[in-house]
Structures are given as structure tokens and as C-alpha cells.
Amino acid sequence: MIAEHLPALQVVIPLLAAPLCVLLRRPGPAWALATAASWAAFGVAVLLLIAVLEQGVLSYHLGGWEPPWGIEYRVDLANAFVLLIVAAISAVVLPFARRSVAAEIPEEKAYLFYSMYLLCLTGLLGIAITGDAFNVFVFLEISSLSSYVLISLGKDRRALTAAFQYLIMGTIGATFYLIGVGLLYAMTGTLNMADLAQRLPAVADTRTVHAAFAFLVIGIGVKAAAFPLHLWLPNAYCYAPSVVTAFLAATATKVSIYVLLRILFTVFGPVFSFEAIEFDLVMIPLALAAMLLASTTAIFQNNVKRLLAYSSVAQIGYMVLGISLGSVTGVTAGIVHLFNHAMIKGGLFLAMGCVFVMLGSVQLRDMAGLGRRMPWTMAAFVIGGLSLIGVPATTGFISKWVLVQATLERGQWFFAVLILASSLLALVYVWRVVEVAYFRPAPEGAAEVSEAPLAMLIPTWLLILANVYFGVDTSLTLGVARRAAETLLGGAA
Amino acid sequence: MSPETAVWLAPAIPLAGAPLIALARRSPNLREAVTLITAAVLFLVVLQLVPEVMAGGRPAVTLLEMLPGLTLTFEVEPLGMVFAVVASFLWIVTSIYSIGYMRGHHEKNQTRFYVCFALALSSAMGVAFAGNMLTLFIFYEALTLTTYPLVTHSGTKEAVAAGRSYLGILLATSIGLQLLAIVWTWTLTGTLDFTTGGILQGHASPAMAALLYALFLFGIGKAAIMPLHRWLPAAMVAPTPVSALLHAVAVVKAGVFTVLKVSVYLFGIDFLAEAGASQWLMYVAAATILIASLVALKQDNLKRRLAYSTISQLSYIVLGATLANGLGAIGGGMHIAMHAFGKITLFFCAGAIDVALHKKQVSEMRGIGRAMPVTMTAFLIGSLSIIGLPPFGGLWSKWYLGLGTLEAGEYALLAVLMISSLLNVAYLLPIPIRAFFSPAEKGNEASGLKEAPLPCVLAFSVTALGCLFLFFFPEPLFRVLSLMVPG
Amino acid sequence: MIDPGLYNYWIVVVLMMAGFFIVISHGNLVKKIVGLNIFQTSVFILYISFGKVTDATAPILDEAYSEYSNPLPHVLILTAIVVGVATSALGLALIVRIREAYGTVEEDEIIAQDPDS
């Protein structure tokens, strides 16, 4: 029965395809294989979500070993949703990759690129699906190591230093996580998350468990680029190849946020995280600072990819804020923004990928007059930008609505004001780009630039239109997010 | 056609017209024909709804559920009916005018112009027929965004700067304040439906209601209450048809319309009066009326002068809403229609003068009445209607607003209305008087008629006659608007 | 008086801080990698210390013994060591590429060449 092994297939398909890509050696076949594998993974993710919606939590024992001794893959609504996001983004980004990779990466290295990409996908899917705390570390490192490689493939030499910086910070973060898991193991003797959740309350009031909590949250915070641990992100996103930026921006930080959710709500439980530790007292101010400071920094960027990267830091602040509110509505806001932001940033970075391939630069000054020269690409950017601002009938609006509602429910209207203020900062940085692209005439003697090819436009527009669709019909996103939040807050379900 | 179909068709028709207009870009004649047909069909569809609404019906249609418990709903009520009829009728007139103006002016990017215009009208229809605050907000924002390309149409530095303050103020207020107020209302009451008598009663303390009302009022930047009025004079860089229909009718009226909707259907005028939530905002509106009129006096650029006049007139409607009694709300609602006809006439004339004589400054317009007698007569009619003199429609709305101030016992505000009318005389009437009676400036003596192209003349003749018509037949308007106030 | 059973943990703390300090304070990229290695090694020792059971022997099945140390942390840390080696290898490979591109492995000299890197 294949249906029985879906959770394993989710990870195994891209994992097996990765070495096969190396064997193929030619960019075309390697791309085709990667795309096929990614689409298959997407299919599996859809089936998993359907299965979870119908049957409730799925538990898969890897190799037939009973948990808590063996590794358990545990799929509930929260991670089924995250799996879907990651797999969907990858399935859209890969068709785009063909042209983009050909333009940005030397042909003889292209097959290695696809192989690394698949490994990264494997790691991200693995993090999301596993129910074992140590297994999370392993997958975290698989995805991290491959993403260091992917980032370093950028054309600019600064990609190398960005990747190195990320490597240092990422390794420290992962090691922190490892320490946290070790401390928990020392106190409870188990690594299975559900099992941990049951055993932790007995020892919750010890310094070791408190230290473990701190190590885990900081470690994951680095990977999630939660303010102020985000320093690696702007350069990494800025200098990485366009495809990598789009993929990582839409998925990597999201998966880390998911792990944070798991740690807070499933492993430690809301009672410990919010009442004993008062996690929110630290995280809410940091999240608000992220929203305001990173958005302000974004305004002053002249490289559009870097501008969007700072915007990502701010948007991660929204998610952390939602989670830190600790209420069902707050967590719903966090989860739904996970999904929505993946589509927004995925679409925007793909649009920038089109620009980079056709124009050879994403510097703001080079984009003058681009509204006329690449009308479809820039129209996509404008719609994505509006979604980022949170204009109604886009996904960004939905996220903002739920988040503001969550703050008002707790009577914290001041946070609501800051959330909306940060949207206005988004308006400023998005419109800086729009004005240059549409109203500044192209410089004299600028090279002729034509519209991006359809193979790149279609994936871009797919994500952009998803922004509009899920901005109007929210039954899937918001419905699943709310149920996922209820599951998480209901303890270790 | 059932009324329900007509309800959703109203926003859908211009939306469907937009791509057709874009497709017809190769042939200007075909393109303008598509615009005109779309506008005419829209008007007919909107008219279909009138009997139903006059009979007290409120046809509604729900499209889908956007957020749990919050739907995308259209529902036609009297106020929205008035707004929709006015806007869709004037779109036809403006389209005719645009043909003369845009060609006479040799504007670039005319296709983009017509497409955005249709999209803006679609948004305006959505605002008019919105059945709850969320739907209204969506179309409110869509209206801002679809008019942005029209404001920056010329693409000059000045236009871009104007676009910046346009978008900046309108989006900043709506996202920063109005959205907050909406979500707050939603958390308080669990509904955002427009309900006769309001939904907030019993859910908010008077102090909270006052704060919430202020958030709404300043959040609705399109109502151009001072100090959030700067975008409107800035938007005057747009081609004149845009200033005429959008920045004298659709956009600004969408703003005051929203104010009225919020006051009447979210707060309920009884609750407003009881909680005293709108008390101090009444004086803000009154101050806006006076200050904007004074500023208008000093403007030499005709369109800017008219823009400040609009700011002042919009606050009449806001004042009507904040008076928190039935007569004030009805007077405000009537003023939406009355001011629309008067002001659009004035803008049409301003554009016609620009096309025919290339004059934009008031000081250059001495003696032009001899060259453009029809234009200046229409201008005179528009001015008189704005001032509120018989036999023009503007009289009636001011009449009911005045009665509203008396009912509220605010005699000072009645005085404000009077003074403002005098100020209107001072900044509007000298223009036609000098045009007719002053000697022409040197170099302006060019003899003979030099009217604007025929479509322009046709357009402002229709709207000027409309002002006259509304004086004699205001009764249906009054009757339909009385339906929105309970009891 | 420190419990002798806790010596391991003191070593872990010292190594961890030393490694972390090297990563932060040194501008030489190779030294950063070395520091990172020391930092990771401290965690390996931490895990292995968890596995120690007092008076128990190595976890090799033998009839003569009935108490064994916990083998699971050993296995886990084997994985972590592999990850650590991979990280070092990748880091060093990046350093080689950086040296090719910039002609130096000193952080301040790289920043001097590319101010926003």
C-alpha cells in the first residue's frame, strides 16, 4: 500500500532524486528530474493534507520501530499545512528555475545545483514531518548545508561571504538547538516530541529544562531569522541566485517558525511557555522591533532583493508576534501569515528573478522605466507589493486582519497601531520601487530589455494570482490555520 | 432582470468593460464607443433598482465568505442608490466630455486612461452597494488604487509627487486608522453588516464610541476633513475629466458616503446622539468648511480653487452625518447629489477653458465670456447651485442641513453654513462676472466664438440643466433618503 | 566543593565558551571554523557525558555485565560528528573560494573591498 507510506515518501522522493541528478550530469535532464520529484512531493503533500483532514493525526513508524525508541513521523494539521506550503512553492519555483539557472549558474555546475536544491527540499520537508526532536536537527543540517552551497552559487563574489556568514550563524544556531535537545534528553530520556510533552511537566521546574528552553528558542530563532538574530539573512537573500532566494525566502524561515511553534506548544505546552517562562514578555517587544526597524531599514535599500530581504525580517516579526500572543487567534494569524507570506515573497522574488535574468541587475537605479519595458513582470511586482502592504483582496490583508483582531482581543490596541504603522512603512518601500519603474524614464543608451519568457512569467504569476485568490477565498488557508492553531493549543494532540 | 442580478452586475459591468476597452486600443473611436456603451448599460442596470428601493426593498446578494462570519455582500439601500445613480449617470456625461477633452488636449496613453476610469467606476459601484463594512473597505481601497494611475497620468515630476501624497494620505489613513476601527468594531460586535439603527449600541461605552468614531472619520481620508485634505488639491494635476468625475464625484463622495454609512448604519444616529460621540467632530467639520472656503479665495489656479471648494462642501455632508439626527443625514445624502451636479459642471467648464484658450489661472480669465458664452453661463449656473441659490438644486440640501442644525440646537453651526455660503459667493461668482463684464486682457481680444469641442459643451450643458432639474424635482430624492432613517 | 561527577560539564562549559569566543572575536575565517569546531566538540562531550551511567560499563553485550552505559547519546553524537565534519569541510571550501575571489581570508580586508558584504 502506497497510501500507508505517504509520510516516508514525502521525504524519500526528493532524497533519492538528489543523487540521481548528480548521475545525470546534464542540466536539462537534471532539471526535469528535479521538477518531477518536486511535483511528486507536492502530490504527496496534498494527499497527506487530505488524509489528515479526514482521519486526524497520522503516525508513521520509520523502519517499523515503535516510538519513542524509533523515529516517528507524525503528521497533524499544522505540519501537513507546512508541508503543503514547502512542496507547493518548490513545485512552482522549479519550472522557473530552468531559465534562471541557465542565466546565473555555469552550465557545468547546473546539475549540482539541482541536486543541492533537492537536498534542501528534503531537509525542509523532513523538519516539518518528523516527530522526533533529534531528527529535526539532522534535517535542519541537511537543509542548512545545502542552502549554504546554494547561496554561494550566486554570481556576485559577495555570495561567498554571505554564505560563509550564514554558515557560521546557522551552525551556531543548530548547535544551540542540539544542546537544548540534549538537555531535554538528559531530563526525560526521550527524544520523541509527543513523549517529551508527557514527561516534561514532571521536571518542568528545573534549571536544566529552563536552560533547554532558552537554547532551543535561540537556536531556532537564528534559523528563523527572528529579530535580532537575522543578521545573516539580508546578504544571503541578496546575493543568492534568484531561484534560491525565492525558494528559501518562501520556505526556509517558515519551516523554522513551524519548529518554534512545535517547541512552544507541543513539546513544552502553552502553560509552560507562557505562564512559567513568560516567553511573550521577551518575544513581543522583539517582534514589534522587527516589524518597525526592519521595515525602516528596507526603505533605505537600493538593491531591491535586499529591500525585500529586510521586509522578510519584518514579516517574520508579524509571525512571531502572532505566536507570542498565545491565543488561538494569535497563533492562527501566525500560521496563516506563514502561508500568505510564502506566496507574497515567493512571487516577489520570482519577479525579481525575471528582472535579473533580463536586465542583469536588481539595483533600483537600473530599474528605471522598467514598467514599460517589462510590463507583465512589473505588474506582478506591483500586485505582490500591494499584498505585502496588506491592501484588501490580497493575502496580506487577511494576515493583517487576523493579527490585528488577535491583538484587539487581548485589548492591546497599541500593538494593533504598530502593526498598521509597519504596513505603512511597507507602502513606502514598495512605492519607491514602483515610482522608479513606472515614472523615471529609462536612462539614455540603456540596453534594450524585453519581457521575460513565458516559462518564467507563468510561475511568477501563478504565485501572484494565488495571492489574490487566497485574499478573497480564505476557507482553505484560514480554516486550516485555525484548526491547526486549535490543535497546537490543545496540547500535545 | 431580477434586482439581485442587477446588484452584482453593477460593479461587474465596468469591470468587464475595462478589458474590452483595452482590446479596442487600436481604434480610438471603437474604444470610446465601448466606454460609452458600458456606461449606458451600467446606468440602465442601476436604474432598474430604483423602483425596488423606492418601495422600501433592499435587494442583496452575497458572493462568498471571505473571513469566518464575514462575507462579501452587496446590498442596496437608499443612500447607496442615490450615490450609484449619480455616479453612473455622470459617468456617461463624463465619457462624452472626455472624448472632446482628451483629443482636444492630445493626451498620451488614452487607453490606460479609459481602462482605469472604468475600473474606478467599478470600485465606486462596489462602494455604493457594499452590504457590510468589509466589502465597503475593499472597494474603498480599490478606488484609491485604480485612480492612482489617473492622478499620475501625465508622468511628470509634479504628477508623481502629487500621486505620492494622494496614495500616501489615502492609504495611510485607511490602513492606519480606518482598518483599525473596522477590526475593533468587529471584535466588539461580531458583525459588520450595515443595519438600520446601527450595530454598536450596547457594545461600546460613550468614551469608546467617541474614539472609534474619530478613528473612522479621520480614517476615511477621502472625506477630506482637515488636516487630511492635502491629497485633493494635489490630485488636480490629473486630466480634467478625472478631476470632474472622480475628484468631485466618485472618490470624494465615496468618502463622505462612507462617513454617512458608518454614522447611520454602524453607529446609528440615535446612539451617536446619545453617546455624544460626534460632538467635537461636528466642529472639526465646521472648521473645515470655513477654512477651506477661505483658502479657496486665495487660489489663482482655477482647478485648485474648485478643489478647496470641494473640501469645504464635503464637510457639509460630514457635518450632516455628525449632527446625528435624521434631517442632517438626509441633508447630507441630498448634498451628495446636489454638489455632484454643481461641481462637475464647474470642472467641465474649467477643462473647457483650458482646452479652448489654454488658461488655467483665474486672473487670466477676464473677458473670456465673449469667446465662450455657453461655457461661462454653465459656470454661472454651477456656481449658483453650489452657493445654494434658487432656482438650483443646491438650495435643498443646504435647507435640510440648516434644519438639521436647528434640530440639534447648534445655532453656531447654522451661522457657519450661512457664512460659508457668503464665502462661496466670494470665490465663485467673480469668475463668471469678470468673464462677462471685464474688458479682455491684452492679447485676449481675439474676436468671435472659441468654444471647446462639441462633446465638452454637450456635457456641461447636461449637468447644468441637471442642477436646474433638481431644484424642481427634489422630492424623489428626499423620499428615498428618508427610508434610511429608522422611524 | 565540586562533585567530581560534574567535571565533564565544566569542561563542556569552558570549551563551549572558548569556541564561541573564537568565532566571535577572530577576523580570520579559518580560525572562525576552528572555533566553530571547538564549540561543536563541547556539545559532543556534553552528550557523551549524559550517557554515562555510574558503575556501568561500555554498552557491549557480555554475559559478565548487567549494567551498561546508555548507548543512544553515542549514536546521536555520531550523527552530529558527521554533520560537524561536513560543516567544516564546506566552510573550508568556501574559504578557498573566498580567497580566490578576494585574495585574503581576513574579514576586515574583505569588508574593505566590499563594504556591504
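Evaluate region C:79-87: report whether one residue or more is hydroxyl-bearing (Ser, Thr, Tyr), over 24 Å from A:Gly154 (Cβ atoms) and either open to solvent by 30 Å² or more (accessible area, probe 1.4 Å) or within 12 Å of chain A (Cβ to nearest Cβ) (or both). Before the answer, list the steps.
Of all residues in region C:79-87, those hydroxyl-bearing (Ser, Thr, Tyr) come to C:79, C:87.
Going one step further and asking which of them are over 24 Å from A:Gly154 (Cβ atoms), we end up with C:79.
Keeping just the survivors that are either open to solvent by 30 Å² or more (accessible area, probe 1.4 Å) or within 12 Å of chain A (Cβ to nearest Cβ) (or both) gives C:79.
Checked region C:79-87: at least one residue is hydroxyl-bearing (Ser, Thr, Tyr), over 24 Å from A:Gly154 (Cβ atoms) and either open to solvent by 30 Å² or more (accessible area, probe 1.4 Å) or within 12 Å of chain A (Cβ to nearest Cβ) (or both).
Kindly provide the set of residues from region A:376-393 that are at the interface with chain B (Cβ under 10 Å from one of its Cβ atoms) and either in contact with a Ser or Thr (Cβ under 7 Å, 6 or more places away or on another chain) or charged (D, E, K, R) (or both), ordered by number.
Correct list: A:Leu386, A:Ile389, A:Gly390.
Within region B:194-253, how many residues turn out to be in a helix (DSSP H, G or I) and open to solvent by 10 Å² or more (accessible area, probe 1.4 Å)? Steps first, answer last, please.
So in region B:194-253, the residues in a helix (DSSP H, G or I) come out as B:206-219, B:221-223, B:231-237, B:240-253.
Adding the requirement that they be open to solvent by 10 Å² or more (accessible area, probe 1.4 Å) leaves B:206-208, B:210-211, B:214-215, B:218, B:234, B:236-237.
Total satisfying the criteria: 11.
Give region A:398-433 a look and list any residue that's of a type in the set (D, E, K, R) and either within 7 Å of another protein chain (Cβ to nearest Cβ) or open to solvent by 40 Å² or more (accessible area, probe 1.4 Å) (or both), or say none. Break it down into steps so the answer makes sense when it comes.
Step one: list which residues in region A:398-433 are of a type in the set (D, E, K, R), which gives A:400, A:409-410, A:432.
Hits for region A:398-433 are A:Glu409, A:Arg410, A:Arg432.
Say whether the condition of being closer than 22 Å to B:Ala329 by Cβ, more than 10 Å from every other protein chain (Cβ to nearest Cβ), open to solvent by 40 Å² or more (accessible area, probe 1.4 Å) and part of a helix (DSSP H, G or I) is met by at least one residue in region B:155-171.
no
Taking interchain pairs and intrachain pairs at least six residues apart, which have beta carbon atoms under 9 angstrom, with the first residue in region A:256-272 and outside any helix (DSSP H, G or I) and the second among the β-branched types (Val, Ile, Thr)?
A:Phe268/A:Val209; A:Phe268/A:Ile277
Taking region B:175-188 as the search range and keeping residues that are in contact (Cβ under 8 Å) with a residue 40 or more places away in the chain and surrounded by fewer than 23 Cβ atoms within 10 Å (Cβ to Cβ), which one is farthest from B:Leu232 (Cα to Cα)?
Filtering region B:175-188 for residues in contact (Cβ under 8 Å) with a residue 40 or more places away in the chain gives B:176-179, B:182, B:185-186.
With the extra rule that they be surrounded by fewer than 23 Cβ atoms within 10 Å (Cβ to Cβ), the set shrinks to B:176-177, B:186.
Values: B:Gly176: 19, B:Leu177: 19, B:Trp186: 30 Å.
Of everything passing the filter in region B:175-188, B:Trp186 is farthest from B:Leu232 (Cα to Cα).
Kindly indicate whether any position in region A:344-360 is hydrophobic (A, V, I, L, M, F, W, C), at pLDDT below 90 and within 27 Å of A:Arg199 (Cβ to Cβ).
no
So A:Val149 passes all but one of these: (1) over 21 Å from C:Phe21 (Cα atoms); (2) among the hydrophobic types (A, V, I, L, M, F, W, C); (3) more than 10 Å from chain C (Cβ to nearest Cβ); (4) surrounded by fewer than 23 Cβ atoms within 10 Å (Cβ to Cβ). Which condition number does it fail?
So the condition that A:Val149 fails would be (3).
Report whether or not A:Ala78 is touching a Lys or Arg at 6+ places or on another chain (Cβ under 9 Å), open to solvent by less than 10 Å² (accessible area, probe 1.4 Å), at pLDDT below 90 and in a helix (DSSP H, G or I). I'd like the intermediate steps shown before the answer.
Numbers: touching a Lys or Arg at 6+ places or on another chain (Cβ under 9 Å): yes; open to solvent by less than 10 Å² (accessible area, probe 1.4 Å): yes; at pLDDT below 90: yes; in a helix (DSSP H, G or I): yes.
Yes.
Within region A:333-385, how many residues are under 17 Å from A:Gly396 (Cβ atoms) and in a loop (DSSP other than H, G, I, E, B)?
0
Residue-wise test of (1) more than 9 Å from every other protein chain (Cβ to nearest Cβ); (2) outside any helix (DSSP H, G or I).
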| position | (1), (2) |
| --- | --- |
| C:Met17 | yes, no |
| C:Lys32 | no, no |
| C:Gln40 | no, no |
| C:Val53 | yes, yes |
| C:Asn70 | no, yes |
| C:Leu76 | no, no |
| C:Val96 | yes, no |
| C:Thr104 | yes, yes |
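Looking at A:Ala186, A:Ala162, which one is free of Cβ contacts under 8 Å to residues at least 24 places away in the same chain, part of a helix (DSSP H, G or I), small (Gly, Ala, Ser) and within 12 Å of chain C (Cβ to nearest Cβ)? Full working, then the answer.
On the way: A:Ala162 fails: free of Cβ contacts under 8 Å to residues at least 24 places away in the same chain.
Going through A:Ala186, A:Ala162 in turn, the sole match is A:Ala186.
In the list A:Arg157, A:Arg199, which residue meets the criterion of being open to solvent by 20 Å² or more (accessible area, probe 1.4 Å), within 10 Å of chain C (Cβ to nearest Cβ) and either on the phi > 0 side of the Ramachandran plot or modelled with pLDDT under 90 (or both)?
Details: A:Arg199 fails: within 10 Å of chain C (Cβ to nearest Cβ).
Of A:Arg157, A:Arg199, the one residue that is open to solvent by 20 Å² or more (accessible area, probe 1.4 Å), within 10 Å of chain C (Cβ to nearest Cβ) and either on the phi > 0 side of the Ramachandran plot or modelled with pLDDT under 90 (or both) is A:Arg157.
Please determine whether any residue of region B:475-485 is closer than 29 Å to B:Ala286 by Cα and at pLDDT 90 or above. Full working, then the answer.
Filtering region B:475-485 down to residues closer than 29 Å to B:Ala286 by Cα leaves B:475-485.
Those left that are additionally at pLDDT 90 or above: none.
Within region B:475-485 (the criterion being closer than 29 Å to B:Ala286 by Cα and at pLDDT 90 or above), the answer is no, since none of the residues qualifies.
For residues that are surrounded by 13 or more Cβ atoms within 10 Å (Cβ to Cβ) and in contact (Cβ under 8 Å) with a residue 60 or more places away in the chain, tally how many sit in region A:1-25.
Residues flagged as surrounded by 13 or more Cβ atoms within 10 Å (Cβ to Cβ) and in contact (Cβ under 8 Å) with a residue 60 or more places away in the chain within region A:1-25 amount to 11.
Tell me whether region B:53-72 contains one or more residues that are assigned to a helix (DSSP H, G or I) and farther than 22 Å from B:Cys456 by Cα.
Kept after step one, since they are assigned to a helix (DSSP H, G or I), are these residues of region B:53-72: B:53-54.
Still in the running and farther than 22 Å from B:Cys456 by Cα: B:53-54.
Yes, region B:53-72 contains a residue that is assigned to a helix (DSSP H, G or I) and farther than 22 Å from B:Cys456 by Cα.
Can you tell which of A:Ala91, A:Ala110, A:Ala30 is farther than 30 Å from A:Asp195 by Cα and free of Cβ contacts under 8 Å to residues at least 60 places away in the same chain? Give the steps one after another, and end with the answer.
Numbers: A:Ala110 fails: free of Cβ contacts under 8 Å to residues at least 60 places away in the same chain; A:Ala30 fails: free of Cβ contacts under 8 Å to residues at least 60 places away in the same chain.
One residue alone meets the criteria, A:Ala91.
Restricting to region B:333-387, what's the tally of residues that are charged (D, E, K, R) and at pLDDT 90 or above? Quick ask: steps written out before the conclusion?
Within region B:333-387, the subset charged (D, E, K, R) is B:343, B:354, B:359-360, B:364, B:366, B:370.
From the residues that got through so far, the ones that are at pLDDT 90 or above too are B:343.
The total comes to 1.
Scan region A:206-240 for residues that are without any contact (Cβ under 8 Å) to a residue 60 or more places away in the chain, part of a helix (DSSP H, G or I) and β-branched (Val, Ile, Thr) and jot them down. Outline the logic, then answer.
So the first thing to find is which residues in region A:206-240 are without any contact (Cβ under 8 Å) to a residue 60 or more places away in the chain, and the list is A:206-209, A:211-212, A:214-216, A:218-222.
This time we only want the ones that are part of a helix (DSSP H, G or I), so: A:207-209, A:211-212, A:214-216, A:218-222.
Matches in region A:206-240: A:Thr208, A:Val209, A:Ile218, A:Ile220, A:Val222.
Can you give me the number of residues within region A:165-183 that are within 7 Å of another protein chain (Cβ to nearest Cβ) and small (Gly, Ala, Ser)?
Going through region A:165-183 one residue at a time, the tally reaches 1.
Quick one: in region B:65-82, of everything that is open to solvent by 40 Å² or more (accessible area, probe 1.4 Å) and either out of contact with any Ser or Thr (no Cβ under 7 Å at 6 or more places or on another chain) or more than 14 Å from chain A (Cβ to nearest Cβ) (or both), which residue is farthest from B:Gly326 (Cα to Cα)?
The initial filter retains those residues of region B:65-82 that are open to solvent by 40 Å² or more (accessible area, probe 1.4 Å), namely B:65, B:68-69, B:75.
Pick out the ones that are also either out of contact with any Ser or Thr (no Cβ under 7 Å at 6 or more places or on another chain) or more than 14 Å from chain A (Cβ to nearest Cβ) (or both) and you get B:68-69, B:75.
Numbers: B:Pro68: 34, B:Gly69: 31, B:Glu75: 21 Å.
Only one residue tops the list, namely B:Pro68.
Filter region B:388-402 down to residues that are open to solvent by less than 10 Å² (accessible area, probe 1.4 Å) and within 13 Å of B:Ala340 (Cα to Cα), then give me how many there are.
The number of residues fulfilling the criteria is 3.
In region B:408-419, is there at least one residue being assigned to a loop (DSSP other than H, G, I, E, B), under 18 Å from B:Phe347 (Cα atoms) and charged (D, E, K, R)?
Here is the first cut: in region B:408-419, the ones assigned to a loop (DSSP other than H, G, I, E, B) are B:409-410.
Add one more test, that the residue is under 18 Å from B:Phe347 (Cα atoms), and what stays is none.
No: region B:408-419 contains no residue that is assigned to a loop (DSSP other than H, G, I, E, B), under 18 Å from B:Phe347 (Cα atoms) and charged (D, E, K, R).
Can you tell me which residue in region A:113-143 is farthest from the other protein chains (Cβ to nearest Cβ), limited to those that are surrounded by fewer than 24 Cβ atoms within 10 Å (Cβ to Cβ) and of a type in the set (S, T, N, Q)?
Applying the filter and picking the extreme gives A:Ser115.
Within region A:441-455, can one find any residue that is of a type in the set (Ser, Thr, Tyr), more than 30 Å from A:Gly269 (Cβ to Cβ), at pLDDT below 90 and open to solvent by 10 Å² or more (accessible area, probe 1.4 Å)?
From region A:441-455, those of a type in the set (Ser, Thr, Tyr) are A:450; that's our starting set.
Adding the requirement that they be more than 30 Å from A:Gly269 (Cβ to Cβ) leaves A:450.
Remaining after also requiring at pLDDT below 90: A:450.
Checking the rest, the ones that are also open to solvent by 10 Å² or more (accessible area, probe 1.4 Å) come to A:450.
Among the residues of region A:441-455, at least one is of a type in the set (Ser, Thr, Tyr), more than 30 Å from A:Gly269 (Cβ to Cβ), at pLDDT below 90 and open to solvent by 10 Å² or more (accessible area, probe 1.4 Å), which makes the answer yes.
Which of (1) open to solvent by 10 Å² or more (accessible area, probe 1.4 Å); (2) touching a residue at least 24 places away in the same chain (Cβ under 8 Å); (3) closer than 28 Å to A:Arg99 by Cα; (4) more than 9 Å from chain B (Cβ to nearest Cβ) is the odd one out, the single condition A:Tyr438 does not satisfy?
So the condition that A:Tyr438 fails would be (4).
Taking region A:42-88, which residues are of a type in the set (D, E, K, R) and free of Cβ contacts under 8 Å to residues at least 24 places away in the same chain?
Going through region A:42-88, the residues of a type in the set (D, E, K, R) turn out to be A:54, A:66, A:72, A:74, A:76.
A:Glu54, A:Glu66, listed by residue number.
The values are calculated or read from the model by the stated rules, or taken from the named source; none is laboratory data. Small disclaimer: the values here were computed from a predicted structure and weren't measured. Positions of Cβ are generated from backbone atoms using ideal geometry, with glycine treated the same way; all protein chains shown enter the neighbour counts. Heads up: the accessible areas ignore ligands, DNA and RNA and are worked out on the full protein's heavy atoms, side chains in. Shrake-Rupley method; radii C 1.70, N 1.55, O 1.52, S 1.80 Å.
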